Every structure is written in C-alpha cells, then in structure tokens.
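The values are calculated or read from the model by the stated rules, or taken from the named source; none is laboratory data. Predicted, not measured: the structure shown is a model, and the values here were computed from it. So basically every Cβ, Gly included, is an ideal-geometry build from the backbone, and we count neighbours across all protein chains shown. With ligands, DNA and RNA removed, areas are computed over all heavy atoms of the protein, side chains included. Shrake-Rupley method; radii C 1.70, N 1.55, O 1.52, S 1.80 Å.
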Amino acid sequence: MKKTYLILCSALLATAPAMAQETYENAKIAQKDLNGTARYVGMGGALEALGADLTTMGTNPAGIGLYKHSAAGISAGLQIQSNAHDFDNGNTTNASFDQVGFVWSTRSGRKSFLNFGFNYTKSRNLDFILSADNSLRGGSISKHSYIKNMLGNVNQGGFFIDKNTTGEYIGYENASSSYTSPNFTQLDYLLWNAFITDPTTGAAGYNEASRYNFDRAHTGYIGQYDFNISGNLNDRVFLGVTFGLYDVHYKGNSVYTESLINSTGQDAGKLTINDSRKITGTGFDIKLGAIFRPIEESPFRIGLYVHTPTWYDLTTENYTVLNNGSSVGAYDEGHSGESYDYKVFTPWRFGFSLGHTVGNYLALGATYEYADYSTIKSRINTDDYYDDWSGTWSSSSDNDRVMNNHTERTLKGVSTLKLGAEYRPIKDLAIRVGYNYVSSLYKKSGFKDNTLPSEGSYYASMDDYTNWKDLNRITCGLGYVLGKFTLDFAYQYSTQKGDFYPFAPLSATTTDDSGKAFSETNATSATSVKNNRHQLLFTLGYRF
C-alpha cells in the first residue's frame, strides 16, 4: 500500500466547552518540594515551631513573628538527577534560583509588635527526566484503543467508531448518537485515523507489540510568592497570616515507541508517539499559623498552622505526532493539538510542630503535616463573560464529578514528617542535619483511567502514568555569621521509587458475526522507575 502524508487535527473537539484536567496531571501541580533557604533545607524543613526563617512564612506564617531584627536573603543552587540521561530539552544537572525575600521588623524591646515580610520560593522544581523500557508481551496502545471500541458505548467505558461528514473516524457515545464520546481521546483519534483502520476496506485491526521504550523530559517550576503579616505578643504568643500567589510553568516532552509484531510474531515495524504538553497559570491561597511558649521560663514552643486549598486557574496545550513506521494503517504521520482552560483546587494542609532550644548552641525541631490529596477538585469552565463592574473577563465553572470520583479512588491522604537539629560548636558556626519523609499519595490500586466519561479524559494525548511511592529526604548544612552577613550551605538527597505503566489494563467481551463470544485483554506489568536527586543550595543573608 502506498501511504501518503496527512496532517490530522482535532478541530472537531474545539466545539466542546473548556475542560477539566485529569487526576495524574493534577497531582503534579498539587505537590510541593522541600526548598527555600539553606538553613530551612539543611534542617529538613523542621522550623515551623522554631521560626525566624524566611521560608516559614510559606509554611507556618507565625514563624516570621520571631524575628527580632529586619533581615533579607537570597538562595540559589544546583539540582542533579542521578539516575537519568539527558533527553530532549531536559538535563540531569540544572541551575536553580530558589528563594529571595525580606522581613521588616517593627520590634522595640520585649513589647508586642508586628513584622511584615515577602518571600519568593520555588515551591516545586519540575525538572525531571523519566525513562522506562520493558516487554509488552503482546499488549499495545492500538490494542487498548481497539478494545475501547469493542466496549461500544460511553456507559461501558468505550465508544462507537464511525466516519463523520468529512471522512474522519470519530468515537461516538453509542451507535445511534451524533455526539463525540467524552472518552474518545486525542490519542484515540490519531490511532483510528492513521493506524488502526485499513484505508481500502475500512476494516479495523490492531498490532500487538513486543517491547516499548519511553522517555519524557519534564521542565519548569511553580513559583510561590508569599506576603506575610505576623505578630509577637510578649514573646509568648506569635501569630501570622500569609497570602500566597503562585505561577505555574510546566512543559513535558515525551517519545513513546512500540516494537510491533504481526500475527506470526515477526517484526512489523515501529509505532512512535511524540507528545509535547504545556501547563501554565496562576493560583492563590491563604495560610494561618500560631506559635506558643506554654511555659514562660522555657524556650519550648508549639506550632500550629493551616493552609487553604490553592485555587489554580490553568491553561494546558499539547501538540502530538503519531509516526507510523509499519506497513499497515492509512498514513505515515498524523498530528493533533489542543489548548483549553480549567481549574484545580488542591487539598487543605494541616500542620503541628514542636521546637526547643538549649542555651544558644542547640536547636531541635519536629513537624507533622497532613494533606488529603483525594480531595483535589477538578472544575470545568462552563462560560466566559464580561464583568461590567470590574471591567474584566470572568468564567464560571462546575465540578467534574466523574474525574473527582476517580481522584478519590486513586489518591489518598499524605503524611509529612520533618526532623531537624542545629548545633553551634562556636558562636558564629552552625552545623545542621535533617530528615524529611513524605508518604505516597497514590493508592496501590490506582491507575489512569481513560475510559471515564469525563472532560478530563477528552483531551488526553498519552496513556502512561506512574504510581510514585514514599519519598525520603536526608539533609545537612553549615551556617556561618560574618558580621551582619550570614552564609548558609545545604545539601539534600531525595530518593523515591515508582511503578510506571504505558497504559492501564483493559478488557472487553463481544460477539463476532456468527454470534460467537470472544474476549480481548490489554495489560502490561509495572516497570520500576526512580527519582533520585541531589540538591546543593547556598543562601546569602543580611541582618539590618
């Protein structure tokens, strides 16, 4: 068969309303790193009761109330991924600007006073390269999409394939519907129009695959801009509030390749999906905190804090290319691209912390934080309108109940434990160590379900997902006071394992033309992946 070049576009999807995102993409945005000043990182982040560090205005806002003098600081360093190779625009070693901020203290003596502060922190460094390679044992992404058509209608998790008026294959809600099924993804669109169907007969069929290879370079960051007001009441009670703004800059470029086999198990060429996705937008939250010294004669402190959800307003866009390196299908190449707006609300966060100092040479801190990621909410932008009162464009939105239910089944509550110590062998030198543990936010049974009748499935351009396990961080650092300047260094090693899947398991049973029942199953085993990182961080501070 002589194949021709065709640019496929998903313009048919553009008539749909703006959509919500799906669970696994939302999880990337909702998490935060251990980052900030070198002192904060070097002590494992366990400063929510000890306070007097610029980073604490983004965790326990009351910590800024412990400043006795005005101060400023700026931090930068390196992020190094130890278990990856450079891929596309992603590098295993990246310079990072991590923090800058100041505190203006109105303190005069031991009386009550207010402090004001601003701090920028890179709350999430998204630079990361993910690679996986494994046997498929006959599974394939085309088989996955083929089985969705076998399911036949949206209520069963599938769609009904038919041509539209322009000759494109579209997955409809059922055999009698004229509406595109919400689980007919961009990837399904490319597969059915360029690979699965025979251009001469219109017959549909899939190719099994023996292996796959996958690489994705994640790049970007989430910036957190905190504005703080904190108070000190007679050095016994410290209260604070922080208003946070966020900006999201994420880009992921991936290449997924399958080694296809024919019915006799022989090599049948390759199928490659090149996918590029960007997520940008803004968000805001409010953080409240308190620190108490229950015993007047003791420096022992108790800290409490709560964060509202971060209310994100985001835009995502993708450009996806299917390269058909086999002898089947209609076209050598197909392209698809979309852009849409959506909203995500992250979980509430609650924290409890303890801090104690011994003389002027030892500080000990411990923090426990809890956030229930199963409560992440996706929202569908339903209407844009012009607000005459404010003179701006606004939008209304509704909960994506189907995707939110999937999030509840896939994600879970996360516990974070922070432990840290600082020892000063001499007045101007500090030695710091810390440990930071974050439990997995994915349930063992969780998977990316592109059969959901959800707007979050509608624009999906890849089927892969990773269930990351517990995260462990070990930190250490040094600090030195040089007049009014402070010089702080920190090292952080973080390690995390995960289970990668190129697609979720799927099966269907139907009957052939003779009425005989037959079943198809598409599944593959997990591939173990790692995210091991080293961070080197330096902070220059100045006390006024």
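Has segment 58-80 got at least one residue that is closer than 30 Å to residue 256 by Cβ, surrounded by fewer than 21 Cβ atoms within 10 Å (Cβ to Cβ) and of a type in the set (D, E, K, R)? There is no residue in segment 58-80 that is closer than 30 Å to residue 256 by Cβ, surrounded by fewer than 21 Cβ atoms within 10 Å (Cβ to Cβ) and of a type in the set (D, E, K, R).
Among the residues of segment 40-99, the ones that are closer than 22 Å to residue 419 by Cα and small (Gly, Ala, Ser) come to 12 in all.
Exactly one residue out of 169, 146, 179 is surrounded by fewer than 17 Cβ atoms within 10 Å (Cβ to Cβ) and closer than 21 Å to residue 453 by Cβ, and it is 179.
Can you pull out every residue in segment 314-339 that is open to solvent by 40 Å² or more (accessible area, probe 1.4 Å), touching a residue at least 40 places away in the same chain (Cβ under 8 Å) and within 19 Å of the chain's Cα centre (by Cα)? Listed by number, the list holds a single entry, 317.
Just one of the listed residues (490, 504) is open to solvent by less than 50 Å² (accessible area, probe 1.4 Å), within 30 Å of residue 428 (Cα to Cα) and either at pLDDT 95 or above or among the basic types (Lys, Arg) (or both), namely 490. What about residue 215, is it of a type outside the set (Ser, Thr, Tyr) and touching a Phe, Trp or Tyr at 6+ places or on another chain (Cβ under 6 Å)? It is true that residue 215 is of a type outside the set (Ser, Thr, Tyr) and touching a Phe, Trp or Tyr at 6+ places or on another chain (Cβ under 6 Å). Give me a count of the residues in segment 340-377 that are surrounded by 21 or more Cβ atoms within 10 Å (Cβ to Cβ) and β-branched (Val, Ile, Thr). Total satisfying the criteria: 4. Screening segment 212-311 for strands (runs of 3 or more DSSP E) wholly inside it with 1 or more residues that are over 30 Å from residue 28 (Cβ atoms) and open to solvent by less than 20 Å² (accessible area, probe 1.4 Å) returns the ranges 237-261, 267-292.
Suppose the filter is under 30 Å from residue 247 (Cβ atoms) and either in a loop (DSSP other than H, G, I, E, B) or out of contact with any His (no Cβ under 9 Å at 6 or more places or on another chain) (or both); does residue 117 pass it? Yes. If you go through segment 83-117 and keep only what is open to solvent by 80 Å² or more (accessible area, probe 1.4 Å), more than 21 Å from residue 219 (Cβ to Cβ) and of a type in the set (A, V, I, L, M), you end up with just 114.
Considering the conditions (1) aromatic (Phe, Trp, Tyr); (2) open to solvent by 40 Å² or more (accessible area, probe 1.4 Å); (3) under 23 Å from the mean Cα position of the chain (by Cα), residue 459 is excluded by exactly one of them, (2). Comparison of 436, 472 shows that the only residue that is more than 21 Å from residue 505 (Cβ to Cβ), at pLDDT 90 or above, open to solvent by 30 Å² or more (accessible area, probe 1.4 Å) and in a strand (DSSP E or B) is 472.
Would you say residue 334 is part of a strand (DSSP E or B), on the phi > 0 side of the Ramachandran plot and in contact with a strand residue (DSSP E or B) (Cβ under 9 Å, 6 or more places away or on another chain)? Answer is no for this residue. Among all residues of segment 45-57, there is at least one that is within 30 Å of residue 378 (Cβ to Cβ) and not in a loop (DSSP other than H, G, I, E, B).
Answer with yes or no whether residue 161 is within 17 Å of residue 520 (Cβ to Cβ) and assigned to a strand (DSSP E or B). Against the criterion (within 17 Å of residue 520 (Cβ to Cβ) and assigned to a strand (DSSP E or B)), residue 161 qualifies. Count of segment 422-453 residues, restricted to those that are touching a residue at least 40 places away in the same chain (Cβ under 8 Å) and under 26 Å from residue 356 (Cβ atoms), is 14.
Just to be sure before I move on: is residue 287 of a type in the set (Lys, Arg) and touching a helix residue (DSSP H, G or I) at 6+ places or on another chain (Cβ under 7 Å) in the structure I sent? Yes: the conditions hold for residue 287. Scanning segment 205-229 for residues that are over 28 Å from residue 57 (Cα atoms) and hydroxyl-bearing (Ser, Thr, Tyr) turns up 206, 210, 212. Residue pairs whose Cβ atoms lie under 6 Å apart, separated by 6 or more positions or on different chains, with the first residue in segment 294-305 and of a type in the set (D, E, K, R) and the second modelled with pLDDT of 95 or more, are 301/49; 301/291; 301/293; 301/355. Scanning segment 120-138 for residues that are out of contact with any His (no Cβ under 9 Å at 6 or more places or on another chain) and either open to solvent by 20 Å² or more (accessible area, probe 1.4 Å) or assigned to a strand (DSSP E or B) (or both) yields 120, 121, 122, 123, 124, 125, 132, 133, 134, 135, 137. Looking across segment 507-525, the residues that are closer than 23 Å to residue 273 by Cβ, open to solvent by 40 Å² or more (accessible area, probe 1.4 Å) and assigned to a loop (DSSP other than H, G, I, E, B) come down to 523, 525. Screening segment 405-420 for residues that are open to solvent by 10 Å² or more (accessible area, probe 1.4 Å) and part of a helix (DSSP H, G or I) and picking the one that is farthest from residue 466 (Cα to Cα) gives 405. Residue count for segment 526-544 satisfying the condition of being open to solvent by less than 40 Å² (accessible area, probe 1.4 Å) and either in a strand (DSSP E or B) or of a type in the set (Asp, Glu) (or both): 7.
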